[in-house]
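Step one of this worksheet: look at the structure below.
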Amino acid sequence: MAPRRHHRQPRDRSVECELKFRLAGPADHARLRAALRKLGYRLEGTYDEENFRFVGPGKATRRTTLRLRVLDGGPRGVLTAKGEAQFVAGVKVREETEVDVTDAHATRDLLAQLGFQVLVIYRKHRSVWRQGAVNVTLDRLDFGHFVEVEGPLEEIPTVARTLGLDPARAVKDSYSIMARKHMASEKKLARKAVAAVPA
């Protein structure tokens, strides 16, 4: 079996600009794949991620999002630090620094030794399509189907509209926030189910 490609778009500056959209389901992913092919986008890679979102031991780390992505079960991964999100004409803009790691499991142990704790874990299946400086990722998570449009700030809204996506309907939450909300909802439903069982 050929190795899977793990693609990250190179950036001249450590700034991430994106729009993220929640989709109705797999049919929307199929529609977008067809649209991307028609528009000349190229499939750069398809892979699975296990994402670990950390919280730091001190005040200095609270405004930074630290995340470790384990690619296809490891050992390779990507360690990412992101600054606070700002919104420019509806587009999410964040400072970002990413480092490829050859041993994601050792990296997780190292972070634990430094006092970082795992806040949430979520899994993602991702396909990355690219044209020029623009990446479009089709993501499937336990709590839904999504698409992200990432690239130069001035191009993103136009690309989204070309794909039939309304920038005004982009979601603001990160995947880690959505994962925590999903987990809380699942726990609440489980408690209700237990309470409904006759004694």
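Brief remarks follow.
- For segment 129-191, the list of GluC sites (Glu not before Pro) that fall in a loop by DSSP and count at most 12 other C-beta atoms within 10 angstrom reads Glu154.
- Heavy atoms of the protein chains alone define the surface here; on that basis the chain has 57 Å² accessible area per residue at 1.4 Å probe size.
- For segment 153-166, Karplus couplings with θ = phi - 60° (6.51, -1.76, 1.60), whole Hz, Gly/Pro x: 3, 6, 8, 4, x, 5, 4, 4, 5, 4, 8, x, 10, 8
- Gyration tensor verdict on segment 121-197 (Cα atoms; rounded if a/c is under 1.5, prolate if a/b is larger than b/c, oblate otherwise): prolate
- In Hz, Karplus ³J(HN,Hα) per residue of segment 179-194 (6.51, -1.76, 1.60; θ = phi - 60°; x = Gly, Pro): 5, 5, 5, 5, 4, 5, 5, 5, 5, 5, 5, 5, 5, 5, 5, 5
- Per-residue HN-Hα couplings for segment 98-106 [Karplus 6.51, -1.76, 1.60; θ = phi - 60°; Hz; x = Gly/Pro]: 10, 9, 6, 10, 7, 9, 5, 5, 5
- Judged by the gyration tensor of its Cα atoms, with axes a ≥ b ≥ c, segment 58-127 is oblate; a/c meets the 1.5 cut and b/c is at least as large as a/b.
- Cut-off under 5 Å, modelled amide H: who pairs with Leu153 long-range: none
- Here the chain is treated with +1 on each Lys and Arg Cβ and -1 on each Asp and Glu Cβ, and its dipole about the Cα centre works out to around 600 debye.
- Listed by chain and number, the lysines whose alpha-carbon sits under 26 Å from that of Lys192, ignoring those within fewer than 8 places in the same chain, are Lys181.
- Extension gain, Ala195 to Arg169: 0.36 nm times the residue separation minus the Cα-Cα distance gives 5.7 nm.
- For segment 77-123, the relative contact order comes to 33 percent (Cα pairs under 8 Å, sequence separation of at least 6).
- Listed pairs Lys20/Lys82; Lys92/Lys188; Lys20/Lys172 exceeding 19 Å between Cα atoms: Lys92/Lys188
- Part-to-part distance (alpha-carbon centres) for segment 145-199 and segment 17-36, which is given in Å: 13
- Positive-end residue, segment 18-126 charge dipole about Cα centroid, Cβ charges, pick of Gly115, Ala104, Gly25: Gly25
- Here is the list for segment 116-199: trypsin sites (Lys or Arg not before Pro) lying in DSSP coil, each with at most 16 other C-beta atoms within 10 angstrom of its C-beta, are Lys172.
The values are calculated or read from the model by the stated rules, or taken from the named source; none is laboratory data. The model shown is predicted, which means the values in this text are computed figures rather than measured ones. Note that we place each Cβ from the backbone using ideal geometry, even for glycine, and neighbour counts take in every protein chain shown. Side chains included, ligands, DNA and RNA excluded: accessible areas come from the protein's heavy atoms. Shrake-Rupley method; radii C 1.70, N 1.55, O 1.52, S 1.80 Å.
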